[in-house]
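The values are calculated or read from the model by the stated rules, or taken from the named source; none is laboratory data. The structure presented is a predicted model; accordingly, all values stated were derived computationally and were not measured. Glycine gets a Cβ as well: all are built from the backbone with ideal geometry, and neighbour counts include every protein chain shown.
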Amino acid sequence: MPSRKHCSRKNADQSGMSVSARWPALHVVLGNESCDLDSAVSAIVYAFLLHSLQNGEEAVGVVPVLNIPASEYPLKTEVTHWLQKHGILQNSLIFRDEVNLSRLQDGGSLRVTLVDHHVLPPADAYLESSVVGVLDHRPLDPNAPTNERVTMIVEPVGSCCTLVAEQVMAKNPALLDPVTASLLYGTIILDTVNLNPAAKRVTPKDIEVASQLARLMSPPPSSLEVFQELTEAKADVSGLTCDQLLRKDVKVATGGGLCVGVASVPLRVTDFLGRSEGGRCLAEHLATQGYQMLLVLGITITQETVTRDLAVYCPDTHLREQVTSALVEGQGGVLQLAPQECDGVESCVAFRQGNVGASRKVVMPILKAWLATRTS
Ligand SMILES: [Mn+2]
């Protein structure tokens, strides 16, 4: 059964877990499905806070749940790095496929607090009736369900961890030991691009909270070093297999009877193809994901240079030629593609991309427009 990233959510809640037997009720703190550093750290520290605020009689287990299957965790290299550095190892974390939320809910013993998002994806809509709290930094979605039972803390700041830190300082500052402070601090620095106003993410509150956290750490942190460490960890794919690289950052386009994976990889596609075992990994990936073709977008960023290149892998020669000319000519040739070597990988063509400013946000509409012409 081919599982596609967007269609595979159903498998998430299958395994039973002893958590439900151990606790009369469970309060889950759930980050969003990207499980980026902000979602992971927000869930962990906010669960820690909520747990500490309970009083004896009504106490329930409050646990953070990372909203990805455990098998995806190695792909989140900045998350694994930062948590491990702070003494939190994978075996002490709970992942989405390790706890059966729907069974807990059926038993009437589930409470959910959402962090770093406030609208549940369609596959999780059933959790809505269990939500008791929201802590988020995204603009409030006008279509978000409203319910007086839900404690909403929503404020547009650069990082959800800024709001988590603010809550901890207000409600139980004793929790902020140097380790917890550093966990939150690094996340705020990464999310706000080192508190840089030019990146348009940072707000005065992020700056204030980050400096309060820095005062709790000794020696005081260098925000630039923390930022560089986390950025490097995010781009460090040396430990990932070809298949993991393809799953790390992928969007799927469908249309005209086709399902196309568009994977971004943080290296040149020419180097990536060199790691593909002569294309064997690409063929297997197509089969397991149910794609008819795969676009691989390579990007490298060093000091001031950005390079982009792309590869089209498709065993059907006709389709490959069609999509290739769509990419070369699309939107007046905006991508500025020039052919390059494919490292002997069959069913594959590769291009250097002259327009280094054109990200996947530019590639996707060209691809979708081509897919749409197939239906008409
Ligand atoms: Mn966030």
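So the values come out like this:
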read-out: Selection count where residues are surrounded by 18 or more Cβ atoms within 10 Å (Cβ to Cβ) and outside any strand (DSSP E or B), scope region 244-259; value: 4
read-out: Set 187, 113: member being crowded, with 16+ Cβ neighbours inside 10 Å, in the same structural domain as residue 53 (by TED's automatic domain parsing) and either within 25 Å of residue 227 (Cβ to Cβ) or within 14 Å of the ligand (Cβ to nearest atom) (or both); value: 187
read-out: Test: residue in region 227-246 that is modelled with pLDDT under 95, farther than 24 Å from residue 115 by Cα and of a type in the set (Val, Ile, Thr); value: yes
read-out: Qualifying positions in region 78-95 - surrounded by fewer than 22 Cβ atoms within 10 Å (Cβ to Cβ) and either in a helix (DSSP H, G or I) or aromatic (Phe, Trp, Tyr) (or both); value: 78, 80, 81, 84, 85, 90, 91, 92, 95
read-out: Any pair with Cβ under 8 angstrom, 6 or more apart, that starts in region 36-48 at a residue that is among the hydroxyl-bearing types (Ser, Thr, Tyr) and ends at one that is in a loop (DSSP other than H, G, I, E, B) and within 10 Å of the ligand (Cβ to nearest atom); value: 39/31; 39/32; 39/116; 39/117; 42/31; 42/116
read-out: Where a residue in region 309-328 is aromatic (Phe, Trp, Tyr) and its partner, wherever it lies, is in a strand (DSSP E or B), with Cβ under 6 Å and at least six apart; value: 313/294; 313/348
read-out: Any hit, region 211-223, residues being outside the structural domain of residue 302 (by TED's automatic domain parsing), part of a loop (DSSP other than H, G, I, E, B) and of a type in the set (Lys, Arg); value: no
read-out: Qualifying residue in region 190-197 (condition: surrounded by fewer than 18 Cβ atoms within 10 Å (Cβ to Cβ), on the phi > 0 side of the Ramachandran plot, without any contact (Cβ under 8 Å) to a residue 12 or more places away in the chain and within 16 Å of the ligand (Cβ to nearest atom)); value: no
read-out: Residues (crowded, with 16+ Cβ neighbours inside 10 Å and of a type in the set (Asp, Glu)) located in region 310-363; value: 343
read-out: Check on residue 203, at pLDDT 95 or above, touching a Cys at 6+ places or on another chain (Cβ under 9 Å) and hydroxyl-bearing (Ser, Thr, Tyr); value: no
read-out: Filtered residue count, region 33-60, keeping only those that are farther than 21 Å from residue 182 by Cα and out of contact with any His (no Cβ under 7 Å at 6 or more places or on another chain); value: 9
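Here is a yes/no grid of residues against (1) at pLDDT below 95; (2) within 16 Å of the ligand (Cβ to nearest atom):
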| site | (1), (2) |
| --- | --- |
| 97 | no, no |
| 105 | yes, no |
| 108 | yes, no |
| 119 | yes, yes |
| 127 | no, no |
| 133 | no, no |
| 182 | no, no |
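Matching residues to (1) in a helix (DSSP H, G or I); (2) within 30 Å of residue 182 (Cα to Cα):
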residue	(1), (2)
124	yes, no
129	yes, no
132	no, yes
144	no, no
149	no, no
153	no, yes
162	yes, yes
